[in-house]
Amino acid sequence: QKPFLSVKDLKVHFSTEDGTVKAVDGLSFDLARGKTLGIVGESGSGKSVTNLTILGLHDPARTQIDGEIVLDGKDLLTATERELERLRGNTMSMIFQDALASLSPYHTIGRQIGETYRKHTGASKKEARARAIEMLRKVGIPQPDMRVDDYPHQFSGGMRQRAMIAMALVCDPELLIADEPTTALDVTVQAQIMDLLKELQQEFGTAIIFITHDLGVIADIADDVLVMYGGRCVERGTKKEVLGSPQHPYTLGLLSSMPSLEGPVDVPLSPIPGSPPSLLKPPTGCRFHPRCAFVDRVGGGRCAGESPVLELTGGRGSACHLPLDRRAEIFADLAAPR
Ligand code: SF4
Ligand code: MG
């Protein structure tokens, strides 16, 4: 059986004045219907670019794409703009961090939700308005029949986020891409929005790609996890595998800087030193090597010289030169008092 969404060896390169940015450099994953894949990484890891490419929202004149993106049997990379237009908002839709940027200030919330619905279903204005009210109710906006005529600026940040979710789900999409949708919200509202997404996923059976830099959010919502670093996948597995027994030093580093998560080994709480790599001139070999605490454990300058391959067994694996059978032990060493 074919997966619902299949991404194979995706490469997304942009031309800039300073040269080619290899924003995504050989990424593969599958996603089943109704499941949630969490993509985690720092900013500039390629996670947002991957998803804009799936949605067909990149600038074709400046972007070179290789590989394959197949959604429900449809090859998205060879789809025409017209076909993509039909899919966006209908079969696949998205929510972003900034609801104000996706909602127009000039039209009422109800009109915006309703227009998306009309565009894909041919419903009448009256039907679309009724659907907008129904969706606002579903996402927990009080008095939806009154609020439907409000403009975005009349909504609070959390309510705008709910309205954006209502708009994204109005056509019952099969794939929802959520790019840091709760990052700008306070913790309480964030938790409410996460609960709402989980409820709606149950109801609609939507597959979700959830992009975040926050492993706490991943722990809450994901079935499977993909960790990106420097445009590549460095680790993949089920949520339990990746959070419970990480294989990659970068994942270990992310986990150890998360105060709220119970880490697999007791590493002192600290963010990973250094900053994400330049994708114009990525580091040689393992892209994580300038920041890796374990680089000396691999002999012969291999980390700087040779790019580790992502070794997968049944969807589980990582890209690192450390011997896999000794990795837990090596990781535990770091935590031991010196
Ligand atoms: Fe660290 Fe080397 Fe593994 Fe890269 S390959 S994560 S530098 S140990
Ligand atoms: Mg982003």
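Picking from 273, 246, 308, which is most flexible by a Gaussian network model of the chain using Cα springs under 10 Å?
273
222 nm [θ] for the chain, helices only, -39500 (n - 2.57) per DSSP H run of 4+, per residue, to 500?
-9500 deg cm²/dmol
Could you state the number of Å between the C-alpha centres of the stretch 1-43 and the stretch 60-116?
Here the two parts' Cα centres lie 16 Å apart.
From the gyration tensor of the Cα coordinates in the stretch 1-137, what semi-axes in whole Å does the equivalent ellipsoid have, largest first, with each one equal to sqrt(5λ)?
In descending order, the three semi-axes are 30, 18, 15 Å.
Most exposed first by the Cβ proxy, i.e. fewest other Cβ within 10 Å, how do 229, 117, 106, 151 rank?
Going from least to most buried by this count: 106, 151, 117, 229.
Just list whichever of 119/239; 2/198; 8/240; 22/239 have alpha carbons separated by over 31 Å in the model shown.
119/239
With the crude spin-label approximation of a point 7 Å out along Cα→Cβ, what separation in nm comes out for residue 316 versus residue 20?
Once both label points are built, they end up 3.6 nm from each other.
Based on the Cβ-Cβ distance from residue 8 to residue 154, what FRET efficiency comes out when R0 is 56 Å, to the nearest 0.05?
0.80
Checking the cross-link filter: which lysines have an alpha carbon closer than 27 Å to that of residue 126, excluding same-chain neighbours under 8 positions apart?
Partners found: 138.
I want the antiparallel fraction of DSSP beta bridges within the chain, as a percent rounded to 5. Intermediate values should be presented prior to the final figure.
Details: 31 of 50 bridges.
Antiparallel: roughly 60 percent of the beta bridges in the chain.
Separation of the stretch 228-249 and the stretch 209-223 by C-alpha centroid, Å?
First find each Cα centre; the distance between them is then 12 Å.
Label residue 57 and residue 86 with points 7 Å out from Cα along Cα→Cβ: what is the distance between them in nm?
2.2
Compute the FRET efficiency between residue 77 and residue 143 as 1/(1 + (r/R0)^6), taking r as their Cβ-Cβ distance and R0 = 56 Å, and round to the nearest 0.05. Don't skip to the end; give the middle numbers.
Numbers: r = 44 Å, r/R0 = 0.79.
Approximately 0.80, to the nearest 0.05.
Would you calculate the separation in nanometres between label points at residue 278 and residue 125, each defined as 7 Å from the Cα along the Cα-to-beta-carbon direction?
Distance between label points: 5.5 nm.
If you put +1 on each Lys and Arg Cβ and -1 on each Asp and Glu Cβ, how big is the dipole of the stretch 1-95 around its Cα centre, in Debye rounded to 20?
The dipole of the stretch 1-95 has a size of about 400 debye.
Relative to the longest principal Cα axis of the chain, at what angle does helix 109-121 sit, 0 to 90 degrees, rounded to 10?
90
No value in this document is a laboratory result; all are computed from the given coordinates. A quick note: this is a predicted structure, and the numbers were derived from the prediction, not measured. Note: ideal-geometry Cβ built from the backbone for every residue, glycine included; neighbour counts use all protein chains shown.
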